[in-house]
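> Here's a structure for you.
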Amino acid sequence: MKGERLIEVEHLETLKLFEDISEEARIEKLAVPPINKLLYWWTRKPLVVGRALALLSTISAPDGSDNEKIKELIINVRQLLGLNSSARAYKSCPTIKTYRNLIDFNPENVLVMDPFAGQGNLMFEAAELGLNAIAMDYNPVAYILMKSLLNYPNNYGSKLAKDVEKYGKELIERTKKEIGRFYERSGRKALNYIWCWCIKCPYCGQRVPLTNQMWLDKNRKIGYRFKVTEDKNFKVEIGVLSEEEGNSYTQKGGNAICINCRNTISYEHMTKDIAERRDKELIAVVVVKNRRGKDFELPSEEDYRNFEEAVRYLKENWDRFLEEDLIPTEDLKESELFRLTNYGLRKWHEVFTERQLLVMITLLKNIREIAGEIEDREYAKVIATYLAFMLCNHVDVNCIGSIWHVSGLKVERALTFRSPRIVYNFAEINPFEKTKGSLQNLLDNIVKGIEFVTRGRIQNEPEIKLGSALNPNDFVKADLIITDPPYLDDVAYGEISEFFYVWLYRALKDYYPELPQPTPIDEDLVLSKGRFGGNESLAKAFYINGMKKAFKNIYNALKDDGLLVVIFAHSSPEAWNMLLEILREAKFRITSSYVVHTESIANVLARGKTSFMSSIVVACRKITEDNEAYYESLIPQVESEIKKILDRIKSEDELLEIPITDLLIMTYGKVLEVLTQYTKIKSYDPNFKPDFEGLIKDARDLILREIVRKFTGKSPSAFGPEASFLLVSKIFYGGSLPADEALKLSRAYGVRIDALKNFVRQGKSGITLLSFREATLPIKPEEVSKDNIYQQLLFLEKLASEKGALAVKHIFERYYNFKPADINRIVDLLVKSYSIKQNKGVKFSNKEKEEFEILKNLQDVLKGKLVKRRISTLEDFGVE
């Protein structure tokens, strides 16, 4: 990739483009492209992001000062992304002729690779542009998934979707013929079954069903009650509940409550009881109402009998099923699956009820039989793969970790929590009735995913590799590498993907001789304490050393004029320091960085969320010659780059719309850009060791201070450390901060958390700002501190709520300890902040609604024409 590429030009137009890409990515995440329903994968970058990175990394950049040319190129990129279309961008196919007119090479001659490909979304978009793509992953589930996405639809065309539908229906019919009788019932058809795990109270012997709420249908206020019986059992009643009844529970926060003696039962007793007795109770049946609606019934004798017959059938055929290798007997790896093993579950077949397991066994058996009847063995392999996805998807929605969604009235996948776990009030699906998660529903999703790919989207079929980023022999010389590497302890793919792999392997091992058994973890890069006996230091060393080796392999595989694009998302400075260390040791320098969102801004603004819904995209080039710099000379460079971030944000409204996470990510990106330019960093102090993590933290503090300066025209020390902390907390965090975020702000503004006790409530997980009704405030206006602008604001809000906004006018006219210029500034900011959140669809609490109205009234009063008073100091003008 000789010459600078468009992604390396940090121009206002490219920044705006990434904002629009982010907005589209958020929408795509909610819309869910059909290919994402082939099989669940934990980390999938939006297709629009993948296409954007492929385009921007391959289109040559004009001279950075040629604004008109850059604008023209960005217009073309928007068109190729489908951003100007009325339909969603991921549905559009790029016009290859337009793309070829923008590049200076034949795309088929450019090799692009992703060594951590996962599902393969990044390479899907590269292949869609006709680039010569290689998608590689160490995990066999990812490998099979990529084959089904990037190879098979392209090889077999529209015929494939039709055949998968045909064989899928055959699979459903055969399975129903064998075990459908275990779901038949008189009256209305059953769609789902709601179960509760039960324990015995250690105090009174009562049988206690475990549930974290009593709702079945929260919209219609329908739920269940438990009534104690004389024999220490319980009976269930279904009906309309009050809000209090529906929100009541018998288990929450790790403990249970006895429904009889009301004593608290410990987590240790719960887990021990479930492990030893495996007691569960069917408490409700979701049935068909008026064709498409849903209703709820108590289980009938027929329902209980059906289940017991399924249990009996499974026991009678257990040995035969074992002999035919239809039962996953692999051990659950306790290191990452403790949410199952804590309850005494030891084998993968134990994460199902007996009837659920029988469904999976029968599906597996029939997949083998159907595929075996197809004469073309290669085609049988392809069909078996998609049928195995039906099985795995059903595993995800029909196990003891499946969740009944009380508002959506549907079963949610066990991997909603990313790792399977016991759900105390879990849901079972009738696989043969039309409902979300049924076999027909899952088949429809798979067929749509295949059809999505077979619409002529892939211009150049990628190569799929089952390989490791730690093995240099698995790489080839590449012009471009675009990758989304694993993030510390995000997902332990090796252990958790066995949830699917124990079934995939049994269904497909005869067709894929390259598949390992079990899922390998030796080179699975994740920070897993469990793999190292709980030793975090060893786990971290394994991850860091593995990433360093992987990026050195990437360096060696990338041509000298090649381009590396890395997507990274993590919130801690420690993680960013790790990335810096990894890139520097591999001899990469960052040429540009951008932020990409994947979550709705309304969610972010509403919750003040800072866990990473945003990612940073960094473009890197190889350093082919060593160079050095002094640490002391880099600090002003970093400060200058950080200040430029806010300089590029022209308006106050723009800054208010940016989540704090984005500002922090952009800051960290700039630190990395400066520090990765040099292979050796020295210090004038011979005893001083450069502290990169400290510099990253200092950079974070600087951006937080500059935000206050941008908003108020004053430094935090002049505006007030307490007021700075509280203002930023309210605007960017929604008034609720996790403990670690509160510490970051307290460091940046030089304020102790305990000094804010009159304005915040501290809890185990963080702090919450108190409203003017809750905060401890002076009673008399003359007692309000002239140096605490936030105290002044809350006092005035309280006064306005009690006596009307016009009462504030008299305060300014009579009391000189209040600063109308600063108050006016804060009120304007908060009104704008509330307005932006409202326009983004954020739902306000009653306290927030009240404050918003009061602030708007204060804003009217604070206009200069309404306030007549002598200005006594320059400070009242906002002048330092």
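The values are calculated or read from the model by the stated rules, or taken from the named source; none is laboratory data. None of these values were measured; they are calculated from a predicted model. Here Cβ is always computed from backbone atoms with ideal geometry, including for glycine, and neighbour counts include all displayed protein chains. Keep in mind that these areas ignore ligands, DNA and RNA; they rest on the heavy atoms of the full protein, side chains included. Shrake-Rupley method; radii C 1.70, N 1.55, O 1.52, S 1.80 Å.
> What number of residues within the range 5-25 satisfy the criterion of being under 22 Å from TYR90 (Cα atoms) and open to solvent by 20 Å² or more (accessible area, probe 1.4 Å)? Before the answer, list the steps.
We begin by selecting, within the range 5-25, every residue under 22 Å from TYR90 (Cα atoms); these are 6-7, 13-25.
Then drop every residue that is not open to solvent by 20 Å² or more (accessible area, probe 1.4 Å), which leaves 13, 15-16, 19-20, 23.
Qualifying residue count, the range 5-25: 6.
> Could you look through the range 276-298, keep only residues that are outside any strand (DSSP E or B) and more than 20 Å from THR211 (Cα to Cα), and pick out the one that is least open to solvent (accessible area, probe 1.4 Å)?
Narrowing the range 276-298 to residues outside any strand (DSSP E or B): 276-279, 290-292, 298.
Within this subset, residues satisfying the condition of being more than 20 Å from THR211 (Cα to Cα) are 290-292.
Values: ASN290: 130, ARG291: 223, ARG292: 220 Å².
Within the range 276-298, the match that is least open to solvent (accessible area, probe 1.4 Å) is ASN290.
> Can you tell me which residue among GLU850, GLU782, GLU797 is open to solvent by 50 Å² or more (accessible area, probe 1.4 Å), touching a helix residue (DSSP H, G or I) at 6+ places or on another chain (Cβ under 8 Å) and in a helix (DSSP H, G or I)?
Details: GLU782 fails: touching a helix residue (DSSP H, G or I) at 6+ places or on another chain (Cβ under 8 Å); GLU797 fails: open to solvent by 50 Å² or more (accessible area, probe 1.4 Å).
Only one candidate qualifies: GLU850.
> Using the structure shown, decide if VAL751 is over 20 Å from ILE645 (Cα atoms) and among the hydrophobic types (A, V, I, L, M, F, W, C).
Values: over 20 Å from ILE645 (Cα atoms): yes; among the hydrophobic types (A, V, I, L, M, F, W, C): yes.
Judged against the criteria, VAL751 is a match.
> Could you pull out every one of the strands (runs of 3 or more DSSP E) wholly within the range 196-264 that has 1 or more residues that are touching an Asp or Glu at 6+ places or on another chain (Cβ under 8 Å) and within 19 Å of PHE426 (Cα to Cα)?
Result: 207-209, 222-228, 234-240.
> If you check THR329, THR362, THR385, which single one turns out to be assigned to a loop (DSSP other than H, G, I, E, B) and at pLDDT 95 or above? Give the steps one after another, and end with the answer.
On the way: THR362 fails: assigned to a loop (DSSP other than H, G, I, E, B); THR385 fails: assigned to a loop (DSSP other than H, G, I, E, B).
Exactly one residue qualifies, and that residue is THR329.
> OK, next. Among the residues of the range 122-136, which ones are out of contact with any Ser or Thr (no Cβ under 9 Å at 6 or more places or on another chain) and either within 23 Å of PRO518 (Cα to Cα) or without any contact (Cβ under 8 Å) to a residue 12 or more places away in the chain (or both)?
ALA135
> Please report, ordered by residue number, the helices (runs of 4 or more DSSP H) entirely within the range 121-190 with at least 2 residues that are among the basic types (Lys, Arg).
Values: elements: 121-128, 140-146, 152-156, 158-179.
Counting at least 2 such residues, we get 158-179.
> Quick check on the range 512-530. Is at least one of its residues in a helix (DSSP H, G or I) and either at pLDDT below 95 or within 30 Å of ILE383 (Cβ to Cβ) (or both)? Steps first, please.
Taking the range 512-530 and keeping what is in a helix (DSSP H, G or I), we get 529-530.
Those still in the list that are either at pLDDT below 95 or within 30 Å of ILE383 (Cβ to Cβ) (or both) too: 529-530.
There is at least one residue in the range 512-530 that is in a helix (DSSP H, G or I) and either at pLDDT below 95 or within 30 Å of ILE383 (Cβ to Cβ) (or both).
> Looking at GLY546, GLY467, GLY533, GLY494, which is the one that is without any contact (Cβ under 8 Å) to a residue 12 or more places away in the chain and either open to solvent by less than 50 Å² (accessible area, probe 1.4 Å) or at positive phi (or both)? Step through it out loud before you land on a result.
Details: GLY546 fails: without any contact (Cβ under 8 Å) to a residue 12 or more places away in the chain; GLY467 fails: without any contact (Cβ under 8 Å) to a residue 12 or more places away in the chain; GLY494 fails: without any contact (Cβ under 8 Å) to a residue 12 or more places away in the chain.
Of GLY546, GLY467, GLY533, GLY494, the one residue that is without any contact (Cβ under 8 Å) to a residue 12 or more places away in the chain and either open to solvent by less than 50 Å² (accessible area, probe 1.4 Å) or at positive phi (or both) is GLY533.
> Of everything in the range 376-405 that's in contact with a Gly (Cβ under 8 Å, 6 or more places away or on another chain) and aliphatic (A, V, I, L, M), which residue is nearest to ILE222 (Cα to Cα)?
Of everything passing the filter in the range 376-405, VAL397 is nearest to ILE222 (Cα to Cα).
> Looking at the range 301-324, is at least one residue in contact with a strand residue (DSSP E or B) (Cβ under 6 Å, 6 or more places away or on another chain) and not charged (D, E, K, R)?
no
> Let me ask something else. Go through (1) open to solvent by less than 10 Å² (accessible area, probe 1.4 Å); (2) within 16 Å of ARG5 (Cα to Cα) and name the single condition LEU81 misses.
If we test LEU81 against (1) open to solvent by less than 10 Å² (accessible area, probe 1.4 Å); (2) within 16 Å of ARG5 (Cα to Cα), just (2) comes out false.
> Among residues belonging to the range 744-761 that are assigned to a helix (DSSP H, G or I) and within 32 Å of the chain's Cα centre (by Cα), point out the one that is nearest to GLU574 (Cα to Cα). If you could, list the steps in order and put the result at the bottom.
Restricting attention to the range 744-761, the residues satisfying the condition of being assigned to a helix (DSSP H, G or I) are 744-749, 753-756.
Then drop every residue that is not within 32 Å of the chain's Cα centre (by Cα), which leaves 744-749, 753.
Details: LYS744: 13, LEU745: 17, SER746: 18, ARG747: 16, ALA748: 17, TYR749: 21, ILE753: 23 Å.
Among those residues, the one meeting the criterion is LYS744.
> Given the criteria part of a helix (DSSP H, G or I) and under 20 Å from GLU851 (Cβ atoms), does ILE823 qualify? If you could, list the steps in order and put the result at the bottom.
Working: part of a helix (DSSP H, G or I): yes; under 20 Å from GLU851 (Cβ atoms): yes.
Yes, satisfied.
> Being hydroxyl-bearing (Ser, Thr, Tyr) and open to solvent by 10 Å² or more (accessible area, probe 1.4 Å) is the filter here, so list the residues in the range 123-151 that pass it. Give the derivation first.
Applying the first criterion (hydroxyl-bearing (Ser, Thr, Tyr)) to the range 123-151 yields 138, 143, 148.
Correct list: TYR138, TYR143.
> What number goes with the only condition from (1) in a loop (DSSP other than H, G, I, E, B); (2) surrounded by fewer than 18 Cβ atoms within 10 Å (Cβ to Cβ) that PHE432 does not pass?
Looking at each condition in turn, PHE432 falls short on (2).
> Here's something else I'd like to know. So, in the range 303-316, exactly how many residues are in contact with a Lys or Arg (Cβ under 7 Å, 6 or more places away or on another chain) and open to solvent by 50 Å² or more (accessible area, probe 1.4 Å)?
Summing the residues that are in contact with a Lys or Arg (Cβ under 7 Å, 6 or more places away or on another chain) and open to solvent by 50 Å² or more (accessible area, probe 1.4 Å) in the range 303-316 gives 0.
> Looking at the range 55-78, is at least one residue crowded, with 24+ Cβ neighbours inside 10 Å, touching a Phe, Trp or Tyr at 6+ places or on another chain (Cβ under 8 Å) and among the hydrophobic types (A, V, I, L, M, F, W, C)?
Yes; the residues of the range 55-78 include at least one that is crowded, with 24+ Cβ neighbours inside 10 Å, touching a Phe, Trp or Tyr at 6+ places or on another chain (Cβ under 8 Å) and among the hydrophobic types (A, V, I, L, M, F, W, C).
> Go through the range 152-183 and count every residue that is within 35 Å of the chain's Cα centre (by Cα) and in contact (Cβ under 8 Å) with a residue 12 or more places away in the chain.
Residues flagged as within 35 Å of the chain's Cα centre (by Cα) and in contact (Cβ under 8 Å) with a residue 12 or more places away in the chain within the range 152-183 amount to 17.
> In addition: Do we find that PRO420 is out of contact with any strand residue (DSSP E or B) (no Cβ under 8 Å at 6 or more places or on another chain), open to solvent by less than 10 Å² (accessible area, probe 1.4 Å) and under 24 Å from VAL208 (Cα atoms) in this structure?
On the way: out of contact with any strand residue (DSSP E or B) (no Cβ under 8 Å at 6 or more places or on another chain): yes; open to solvent by less than 10 Å² (accessible area, probe 1.4 Å): yes; under 24 Å from VAL208 (Cα atoms): yes.
It is true that PRO420 is out of contact with any strand residue (DSSP E or B) (no Cβ under 8 Å at 6 or more places or on another chain), open to solvent by less than 10 Å² (accessible area, probe 1.4 Å) and under 24 Å from VAL208 (Cα atoms).
> Another question, then. List pairs: first residue in the range 184-209 and touching a residue at least 60 places away in the same chain (Cβ under 8 Å), second residue open to solvent by less than 10 Å² (accessible area, probe 1.4 Å) and assigned to a loop (DSSP other than H, G, I, E, B) anywhere in the structure, Cβ distance under 6 angstrom, at least six positions apart or on different chains.
Taking only residues 6 or more apart or on different chains, the pairs are ALA190/ASN430; LEU191/ASN430; CYS196/LEU210; CYS196/THR211; TRP197/LEU210; CYS201/CYS258.
> Related question: Would you point out which residue out of GLY878, GLY841 is within 38 Å of the chain's Cα centre (by Cα), at pLDDT below 90 and open to solvent by less than 60 Å² (accessible area, probe 1.4 Å)? Can you show your working first?
Details: GLY878 fails: within 38 Å of the chain's Cα centre (by Cα).
After ruling out the rest, the residue left standing is GLY841.
> In addition: Count, please, the residues in the range 368-392 that happen to be open to solvent by 10 Å² or more (accessible area, probe 1.4 Å) and either in contact (Cβ under 8 Å) with a residue 24 or more places away in the chain or farther than 18 Å from LEU326 by Cα (or both).
The first filter runs over the range 368-392 and keeps only residues open to solvent by 10 Å² or more (accessible area, probe 1.4 Å), leaving 368-369, 372-379, 381.
Filter once more, so that each one left must be either in contact (Cβ under 8 Å) with a residue 24 or more places away in the chain or farther than 18 Å from LEU326 by Cα (or both): 368-369, 373-379, 381.
Here the count works out to 10.
> Identify, please: which residue in the range 765-779 is small (Gly, Ala, Ser) and in a loop (DSSP other than H, G, I, E, B) and is, among those, most open to solvent (accessible area, probe 1.4 Å)?
Restricting attention to the range 765-779, the residues satisfying the condition of being small (Gly, Ala, Ser) are 765-766, 771, 775.
Those left that are additionally in a loop (DSSP other than H, G, I, E, B): 765, 771, 775.
Numbers: SER765: 99, SER771: 27, ALA775: 11 Å².
Applying the filter and picking the extreme gives SER765.
> Now, a different point. State the number of residues belonging to the range 46-85 that are part of a loop (DSSP other than H, G, I, E, B) and touching a Leu at 6+ places or on another chain (Cβ under 6 Å). Walk me through how you get there before you give the answer.
Going residue by residue through the range 46-85, those that are part of a loop (DSSP other than H, G, I, E, B) are 46, 59, 61-66, 82-85.
Filter once more, so that each one left must be touching a Leu at 6+ places or on another chain (Cβ under 6 Å): 59, 61.
Here the count works out to 2.
> Please name all residue pairs, on different chains or six or more residues apart, with Cβ atoms under 8 Å, provided the first residue is in the range 31-44 and is of a type outside the set (Gly, Ala, Ser) and the second residue is surrounded by fewer than 17 Cβ atoms within 10 Å (Cβ to Cβ) and assigned to a loop (DSSP other than H, G, I, E, B).
Within 8 Å, the pairs are TRP42/ARG418; TRP42/ASP490; THR43/ASP490.
> Which of the residues spanning the range 218-249 are closer than 16 Å to ILE403 by Cβ and surrounded by fewer than 20 Cβ atoms within 10 Å (Cβ to Cβ)?
Within the range 218-249, LYS218, TYR249 meet the criteria.
> Only one residue in ASP273, ASP319 is assigned to a helix (DSSP H, G or I) and surrounded by 18 or more Cβ atoms within 10 Å (Cβ to Cβ), so which one is that?
Going through ASP273, ASP319 in turn, the sole match is ASP273.
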